[in-house]
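Participant: Got a structure for you, written out below as structure tokens; questions coming shortly.
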Amino acid sequence: MTNPPTRDDCHRNPAAKENLVENAGLSTSDIACLKILRFFISTFAAPRSQNWMRGYQHAEVTFGPTDGPIIASRLMAVLQAVRLSRRSIFTFSNPDCPGCARILTEHERRLVCAISVYRCGRPRPAGLQLMMLCEGNPTDAILQKLDDLVLALNAAPQIESADQAGSVAF
């Protein structure tokens, strides 16, 4: 499978409540999850792109042929639970634009932060991030899906470097 051609860097700068991914303090595992989520989200925005396949490919390359597909499936389940709870548009950065891909939107930040802190055994801060992300709508289903995701992430081999987390080009 080949990646679609990327367009030139758009030189986009972070807006209010956005950060550069490199300055967000994300672990290599968090960055890998972010990239997988972006592929999935972009599929909902443009179904013909079939970027969900790139999400699974990235998960397999990053987390291995056994754990990768499980992690990707569980990330999709978390994302679907968010979609059922959240009522407004989820903003995300285009995974195919180098300028956009370096920017972490507020919605992406809240979701990846929820995954990260939940994985560290801190469900209350994760719940707060999800409550903000889902605009006060119920988040119990998302937290249940996070349980499954965290089990898969903790079972997977640790990602050693940012190069490994970024092994599939956006």
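Participant: Of all residues in segment 33-92, which are open to solvent by 30 Å² or more (accessible area, probe 1.4 Å) and not in a helix (DSSP H, G or I)?
Facilitator: ALA46, GLN50, PRO65, THR66, ARG87, SER88, ILE89, PHE90, THR91, PHE92
Participant: Only residues that are in a loop (DSSP other than H, G, I, E, B) and surrounded by fewer than 17 Cβ atoms within 10 Å (Cβ to Cβ): list them for segment 127-146, please.
Facilitator: Passing the criteria: GLU135, GLY136, ASN137, PRO138.
Participant: Cβ contacts < 8 Å: first residue within 13 Å of LYS35 (Cα to Cα) and of a type in the set (Asp, Glu), restricted to segment 95-117; second residue part of a helix (DSSP H, G or I) and at pLDDT 95 or above, any location; separation 6+ or different chain. Result?
Facilitator: ASP96/SER42; GLU108/LEU34; GLU108/LEU37; GLU108/ARG38
Participant: In the set GLY55, GLY127, GLY121, which member is closer than 18 Å to LYS145 by Cβ and within 10 Å of the chain's Cα centre (by Cα)?
Facilitator: GLY55
Participant: Which pairs have Cβ atoms under 6 Å, sit 6 or more apart or on different chains, and link a residue in segment 17-32 that is at positive phi to one that is not hydrophobic (A, V, I, L, M, F, W, C)?
Facilitator: As it stands, the answer is LYS17/GLU106, since those pairs meet every condition given.
Participant: Any residue at all in segment 97-114 that's open to solvent by 40 Å² or more (accessible area, probe 1.4 Å) and within 19 Å of ASP148 (Cα to Cα)?
Facilitator: Within segment 97-114 (the criterion being open to solvent by 40 Å² or more (accessible area, probe 1.4 Å) and within 19 Å of ASP148 (Cα to Cα)), the answer is yes, since at least one residue qualifies.
The values are calculated or read from the model by the stated rules, or taken from the named source; none is laboratory data. For clarity, every value in this text was computed on a predicted model and none was experimentally measured. Cβ atoms come from the backbone with ideal geometry, glycine included; neighbour counts cover every protein chain shown. Side chains included, ligands, DNA and RNA excluded: accessible areas come from the protein's heavy atoms. Shrake-Rupley method; radii C 1.70, N 1.55, O 1.52, S 1.80 Å.
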